[in-house]
1. Sort out which residues of the stretch 141-163 are open to solvent by less than 30 Å² (accessible area, probe 1.4 Å) and more than 14 Å from Val126 (Cα to Cα), and write them in order of number.
2. When you look at Gly204, is it open to solvent by less than 20 Å² (accessible area, probe 1.4 Å) and not charged (D, E, K, R), yes or no?
3. Does any residue of the stretch 192-205 turn out to be over 10 Å from Arg253 (Cα atoms), part of a helix (DSSP H, G or I) and among the charged types (D, E, K, R)?
4. Would you point out which residue out of Pro206, Pro210 is closer than 20 Å to Gly89 by Cβ and more than 12 Å from the chain's Cα centre (by Cα)?
5. Restricting to the stretch 96-133, count the residues that are open to solvent by 50 Å² or more (accessible area, probe 1.4 Å) and of a type in the set (Lys, Arg).
6. When you go through Ser189, Ser166, Ser181, Ser172 one by one, which is the residue that is of a type in the set (Gly, Ala, Ser) and open to solvent by 40 Å² or more (accessible area, probe 1.4 Å)?
7. Condition first: hydrophobic (A, V, I, L, M, F, W, C) and open to solvent by 80 Å² or more (accessible area, probe 1.4 Å). Now tell me which residues in the stretch 11-40 satisfy that.
Amino acid sequence: MDTAFLILSKLVKLGLMVETWLALGLATGIWAAARGRARLARLLCGATLIALVSVAALPLGDLLLRPLEAEYPPRAAPDQIHGIVVLGGVEEPHASAAWGTPQVNDAAERLTSAAALARAHPEARVVFSGATSGGPDAPSVAVDLLVSLGVQPARITWERQSRNTSENARRSFEVVRPEPSQTWLLVTSAFHMGRALASFEAAGWPAMTPHPVDYRTGAFALGIGWNLADNAEKLNLATKEWLGRLVYGVTGR
């Protein structure tokens, strides 16, 4: 069931990507022109061009991500914590393998913040939750980076089986078996924190203390320019997260 859900979620994600819709609009316009339907072709190509320029010039993803991030403003960690759960999705395993050194993506602050927390709280256990794209037997770039940032390897547990947020919560719970009296921090991107907390609650974790990082949005006016790749990526990210919240809520994940 989990595997079917994962496959379906990836297919839906592909179908919702802004690049998919731009390509579909262009392809449909070309088809209409080839069929001699000039008016429809002009309409489709014109609408696709307007959408392309809007995505390239305007940070539309910020409008969708900002409410998610605003729910969890930056906060200081409690004075005493028993453990830190860091969610995956930060690694670039292929680049790491090619260059022989840990490489990470835009969510790298999950690891740098977790390392800082671990150094400030030497008694706390650190759990990194998430499989790499190389599979469960691939080396963990995240663990290597945490160690390089000063976290002792003996303190780190790598939960290497989970493939999405729901599995992060359930499999980490099975590894840790936290006591109700313990204080655990959840470290993930701010836009993802709401869905992640709900999943951890559904998995049976005691109340997790959110430690949001990796804020992606800024002032809308400052984001106006010509940046198709970044704007499309952020819009895709926002669409995926809002849909994820809806699906996880309906399915109780």
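The values are calculated or read from the model by the stated rules, or taken from the named source; none is laboratory data. Treat the numbers as computed from the prediction; the structure is a model and nothing was measured. Ideal geometry is used to build each Cβ from the backbone, glycine not excepted, and the neighbour counts take in all protein chains shown. Surface accessibility is based on the protein's heavy atoms, side chains included, excluding ligands, DNA and RNA. Shrake-Rupley method; radii C 1.70, N 1.55, O 1.52, S 1.80 Å.
1. Correct list: Val141, Ser162.
2. On the way: open to solvent by less than 20 Å² (accessible area, probe 1.4 Å): no; not charged (D, E, K, R): yes.
So Gly204 fails the test.
3. Looking only at the stretch 192-205, we keep the residues that are over 10 Å from Arg253 (Cα atoms), and these are 192-194, 197, 204-205.
Of the ones still in play, those that are also part of a helix (DSSP H, G or I) are 192-194, 197.
Remaining after also requiring among the charged types (D, E, K, R): none.
For the stretch 192-205, residues over 10 Å from Arg253 (Cα atoms), part of a helix (DSSP H, G or I) and among the charged types (D, E, K, R): absent.
4. On the way: Pro206 fails: closer than 20 Å to Gly89 by Cβ.
On inspection, the qualifying residue turns out to be Pro210.
5. 2
6. Working: Ser189 fails: open to solvent by 40 Å² or more (accessible area, probe 1.4 Å); Ser166 fails: open to solvent by 40 Å² or more (accessible area, probe 1.4 Å); Ser172 fails: open to solvent by 40 Å² or more (accessible area, probe 1.4 Å).
So the residue among Ser189, Ser166, Ser181, Ser172 that is of a type in the set (Gly, Ala, Ser) and open to solvent by 40 Å² or more (accessible area, probe 1.4 Å) is Ser181.
7. Step one: of the stretch 11-40, the residues hydrophobic (A, V, I, L, M, F, W, C) are 11-12, 14, 16-18, 21-24, 26-27, 30-34, 38, 40.
Hits for the stretch 11-40 are Leu11, Leu14, Trp21, Leu24, Leu26, Ile30, Trp31, Ala34.
For (1) touching a residue at least 12 places away in the same chain (Cβ under 8 Å); (2) out of contact with any Ser or Thr (no Cβ under 6 Å at 6 or more places or on another chain); (3) among the hydrophobic types (A, V, I, L, M, F, W, C); (4) at positive phi, each residue gets a yes or a no:
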position	(1), (2), (3), (4)
Ala47	yes, yes, yes, no
Ala56	yes, yes, yes, no
Leu60	yes, yes, yes, no
Leu65	yes, no, yes, no
Gly89	yes, yes, no, yes
Ser96	yes, yes, no, no
Trp99	no, yes, yes, no
Val104	yes, yes, yes, no
Ala107	yes, no, yes, no
